[in-house]
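Participant: Please read through the structure below; I'll follow up with questions.
The values are calculated or read from the model by the stated rules, or taken from the named source; none is laboratory data. None of these values were measured; they are calculated from a predicted model. Cβ placement follows ideal geometry from the backbone for every residue including glycine, while neighbour counts extend to all protein chains displayed.
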Amino acid sequence: MSQSTVVDNFSNQSVTQQSFDRGAFDDSVMKTYGRFPIALERGSGCHVWDSDGREYLDFVAGIATCTLGHAHPALIDSVTRQIKKLHHVSNLYYIPEQGELATWLVNHSCADKVFFCNSGAEANEAAIKLIRKYAHTVLDFLEQPVILTAKASFHGRTLATITATGQAKYQKDFEPLVDGFAYVPYNDIVAIENAIADIDEGNRRVAAIMLEPLQGEGGVRPGDREYFAKLRQICDENNILLVFDEVQVGVGRTGKLWGYENLGVEPDIFTSAKGLAGGIPIGAMLCKDFCAAFEPGNHASTFGGNPFACAAALSVLQTIEQEQLLDNVIARGKQLRDRLNAMASSYPQMFTEVRGWGLINGLELQADIDLTSIDLVKSAMDEGLLLAPAGPKVLRFVPPLIVSADEITRGCDILEKVCQTASSKL
Ligand SMILES: *Cc1c(COP(=O)(O)O)cnc(C)c1O
């Protein structure tokens with residue numbers, strides 16, 4: 001292990017630290033992830049530092065999670081105060097912070113009721129269970145409810161949510177999958193109509209359509225407004241629940257508080273997680289009163305909605321409001337897309353197009369070149385910019401919502417340099 005000296009960002013004192021021991025890590029942590037070869041140790045705003053003291057501009061933000069960036073005073077303050085007061089009890093008792101958070105969410109969305117859990121997958125599990133409960137008890141006592149989801153979608157890693165996820169690579173070797181799902185191409189209304197007609201026989205019928213307003217992991221593909229308007233109409237006419245997975249796009253990420261606001265339609269049920277508490281684990285499943293079919297004992301979570309996570313989420317949401325971060329998301333998003341579009345035009349042999357809303361954006365690589373998003377992520381990392389892939393051919397940009405104009409410019413300057421080098425090797 002090598003020793004390195006870095007200047008501590010907060011105290012301005014020199015601190016001595018040991019470089020990270022990767023061998024010990026690999027010996028004991030299960031290898032479920034492909035990891036890039038750095039260990040991040042501390043952060044401030046949109047910047048993080050690795051164990052050797054190297055600085056990076058963070059356009060990953062814990063994968064669209066660190067809404068307020070790193071070490072934001074509002075988040076530090078809320079979690080510090082809450083952990084000193086009371087951090088965890090149980091849903092055996094009333095939790096005032098949970099009530100306050102639910103009230104905020106209900107007042108700022110189309111939903112009437114909220115269930116809290118700890119992750120995106122869990123929030124989607126709750127939605128899937130609610131759909132079935134509603135189908136069995138309200139929807140003409142439907143015996144075999146089917147949930148339609150989209151190809152190239154992503155809904156999580158539990159058994160039900162990998163089944164909902166319309167990508168074979170997440171399902172392979174985990175069969176048998178959960179019954180009651182069928183898949184359609186995204187943004188294709190004819191496919192929805194055909195699927196509803198095909199599935200409708202006897203006690204088997206489509207009970208819900210579950211979609212991301214913008215497909216995140218599947219390559220940053222925004223939903224089409226016309227498609228979603230038609231979808232809403234089809235759902236209303238056929239007693240089908242419209243369910244949105246807002247785990248990645250909710251909480252201001254798109255420049256609106258919720259992804260569905262970009263589409264001009266309201267879901268009956270939606271889920272949130274990633275950015276909701278700015279990097280403290282939380283998940284939420286929200287729905288309208290008419291389909292809030294859960295009764296006491298139907299669903300639960302030990303940690304779900306504990307005082308600590310709820311205080312964190314409240315401070316994140318209040319900061320988004322007070323600092324008018326949605327305006328920043330819109331302005332910085334446009335600035336970023338303008339630069340990315342310019343790069344896509346400068347390197348047409350490398351890139352096809354730029355897609356996204358607000359501060360979730362994707363730059364797609366040409367399919368037929370010998371260059372993947374992961375190659376570019378590695379090169380950018382070497383130059384001090386963190387980016388995430390969204391599949392093998394899309395570079396994803398999801399910086400904290402507090403990102404500044406200068407930081408967008410710097411990130412794009414770094415990427416420009418990376419592109420120059422990469423294109424000269426093609
Ligand atoms: C990340 C993600 C999930 C899964 O969330 P976890 O917290 O990892 O369980 C589900 N849906 C979408 C759209 C996501 O982006």
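The rows are residues; the columns are (1) β-branched (V, I, T); (2) touching a Leu at 6+ places or on another chain (Cβ under 8 Å); (3) touching a residue at least 60 places away in the same chain (Cβ under 8 Å); (4) more than 16 Å from the ligand (Cβ to nearest atom).
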residue: Y186; (1), (2), (3), (4): no, yes, no, no
residue: I189; (1), (2), (3), (4): yes, yes, no, yes
residue: V206; (1), (2), (3), (4): yes, yes, yes, yes
residue: Q215; (1), (2), (3), (4): no, no, yes, no
residue: G218; (1), (2), (3), (4): no, no, yes, no
residue: Y227; (1), (2), (3), (4): no, no, no, yes
residue: C235; (1), (2), (3), (4): no, yes, no, yes
residue: L257; (1), (2), (3), (4): no, yes, yes, yes
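Participant: Is segment 67-77 home to any residue that is within 16 Å of the ligand (Cβ to nearest atom) and in contact with a Lys or Arg (Cβ under 9 Å, 6 or more places away or on another chain)?
Facilitator: Applying the first criterion (within 16 Å of the ligand (Cβ to nearest atom)) to segment 67-77 yields 67.
Those left that are additionally in contact with a Lys or Arg (Cβ under 9 Å, 6 or more places away or on another chain): 67.
Yes, because at least one residue in segment 67-77 is within 16 Å of the ligand (Cβ to nearest atom) and in contact with a Lys or Arg (Cβ under 9 Å, 6 or more places away or on another chain).
Participant: While we're here: Please find, among F290, F294, F244, the residue that is under 25 Å from L148 (Cβ atoms), in the same structural domain as D188 (by TED's automatic domain parsing) and within 13 Å of the ligand (Cβ to nearest atom). Walk me through it before giving the result.
Facilitator: Working: F290 fails: within 13 Å of the ligand (Cβ to nearest atom); F294 fails: within 13 Å of the ligand (Cβ to nearest atom).
Exactly one of F290, F294, F244 is under 25 Å from L148 (Cβ atoms), in the same structural domain as D188 (by TED's automatic domain parsing) and within 13 Å of the ligand (Cβ to nearest atom), namely F244.
Participant: Determine, yes or no, whether P222 is in contact (Cβ under 8 Å) with a residue 12 or more places away in the chain, within 15 Å of the ligand (Cβ to nearest atom), farther than 23 Å from I63 by Cα and not assigned by TED's automatic domain parsing to the domain that holds T65.
Facilitator: No, not satisfied.
Participant: Right, N361: of a type outside the set (D, E), touching a residue at least 60 places away in the same chain (Cβ under 8 Å) and within 26 Å of V79 (Cβ to Cβ) or not?
Facilitator: no
Participant: For segment 115-140, which positions are of a type in the set (V, I, T) and away from the ligand (no atom under 16 Å from the Cβ)?
Facilitator: Listed by number, the residues that qualify are T137, V138.
Participant: Inside segment 141-170, can you point out the residues that are more than 16 Å from the ligand (Cβ to nearest atom) and either within 16 Å of V247 (Cα to Cα) or without any contact (Cβ under 8 Å) to a residue 24 or more places away in the chain (or both)?
Facilitator: Matches in segment 141-170: F141, A168.
Participant: Also, I was wondering about something else. When you go through (1) in contact with a Gly (Cβ under 6 Å, 6 or more places away or on another chain); (2) on the phi < 0 side of the Ramachandran plot one by one for D368, which number turns out not to apply?
Facilitator: (1)
Participant: I would also like to ask the following. Kindly state which helices (runs of 4 or more DSSP H) lie completely within segment 19-90 and contain at least 2 residues that are in contact (Cβ under 8 Å) with a residue 60 or more places away in the chain, closer than 27 Å to A309 by Cα and within 23 Å of the chain's Cα centre (by Cα).
Facilitator: Output list reads 61-64, 73-85.
Participant: Ok, one more. Inspect all residues belonging to segment 16-24 and state whether any of them is of a type outside the set (G, A, S) and under 30 Å from G391 (Cβ atoms).
Facilitator: Checking segment 16-24: at least one residue is of a type outside the set (G, A, S) and under 30 Å from G391 (Cβ atoms).
Participant: If you go through segment 345-364 one residue at a time, how many are surrounded by fewer than 19 Cβ atoms within 10 Å (Cβ to Cβ) and either in the same structural domain as W258 (by TED's automatic domain parsing) or small (G, A, S) (or both)?
Facilitator: Selection size over segment 345-364: 2.
Participant: Follow-up question, since we're still on this one. In the set D112, D173, which member is outside the structural domain of W357 (by TED's automatic domain parsing), under 27 Å from L325 (Cβ atoms) and away from the ligand (no atom under 16 Å from the Cβ)?
Facilitator: Going through D112, D173 in turn, just one is outside the structural domain of W357 (by TED's automatic domain parsing), under 27 Å from L325 (Cβ atoms) and away from the ligand (no atom under 16 Å from the Cβ): D112.
Participant: Let me ask you something else. Return only the number of the condition from (1) closer than 29 Å to D224 by Cα; (2) of a type in the set (S, T, N, Q); (3) in contact (Cβ under 8 Å) with a residue 12 or more places away in the chain that S345 does not satisfy.
Facilitator: In the conditions (1) closer than 29 Å to D224 by Cα; (2) of a type in the set (S, T, N, Q); (3) in contact (Cβ under 8 Å) with a residue 12 or more places away in the chain, S345 misses (3) alone.
Participant: So which residues in segment 193-238 are of a type outside the set (D, E), in a loop (DSSP other than H, G, I, E, B) and modelled with pLDDT under 95, if there are any at all?
Facilitator: Passing the criteria: G202, N203.
Participant: Looking at segment 148-182 only, could you name the residues that are aromatic (F, W, Y) and exposed (fewer than 14 other Cβ atoms within 10 Å of the Cβ)? Reasoning before the result, please.
Facilitator: Step one: of segment 148-182, the residues aromatic (F, W, Y) are 154, 170, 174, 181.
Listed by number, the list holds a single entry, F174.
Participant: Residue by residue through segment 221-263, note down the ones that are over 26 Å from L359 (Cα atoms) and in contact with a Phe, Trp or Tyr (Cβ under 9 Å, 6 or more places away or on another chain).
Facilitator: L241, the sole residue that qualifies.
Participant: Tally the residues that are of a type in the set (A, V, I, L, M) and assigned to a helix (DSSP H, G or I), restricting the search to segment 91-102.
Facilitator: Qualifying residue count, segment 91-102: 2.
Participant: Residue by residue through segment 259-278, note down the ones that are within 20 Å of N118 (Cα to Cα) and more than 13 Å from the ligand (Cβ to nearest atom).
Facilitator: Answer for segment 259-278, where residues must be within 20 Å of N118 (Cα to Cα) and more than 13 Å from the ligand (Cβ to nearest atom): I269, G278.
Participant: Same structure again: Please count how many residues of segment 370-426 are assigned to a loop (DSSP other than H, G, I, E, B) and out of contact with any Pro (no Cβ under 7 Å at 6 or more places or on another chain).
Facilitator: 18
Participant: Keeping to segment 189-205, report how many residues are among the hydrophobic types (A, V, I, L, M, F, W, C) and surrounded by fewer than 11 Cβ atoms within 10 Å (Cβ to Cβ). Walk me through it before giving the result.
Facilitator: So in segment 189-205, the residues among the hydrophobic types (A, V, I, L, M, F, W, C) come out as 189-192, 195-197, 199.
Imposing the further condition that a residue be surrounded by fewer than 11 Cβ atoms within 10 Å (Cβ to Cβ) reduces the set to 190, 197.
Number of matching residues: 2.
Participant: Here's a follow-up. Consider T137 carefully, then state whether it is more than 30 Å from L57 (Cα to Cα), surrounded by 14 or more Cβ atoms within 10 Å (Cβ to Cβ) and touching a residue at least 40 places away in the same chain (Cβ under 8 Å).
Facilitator: no
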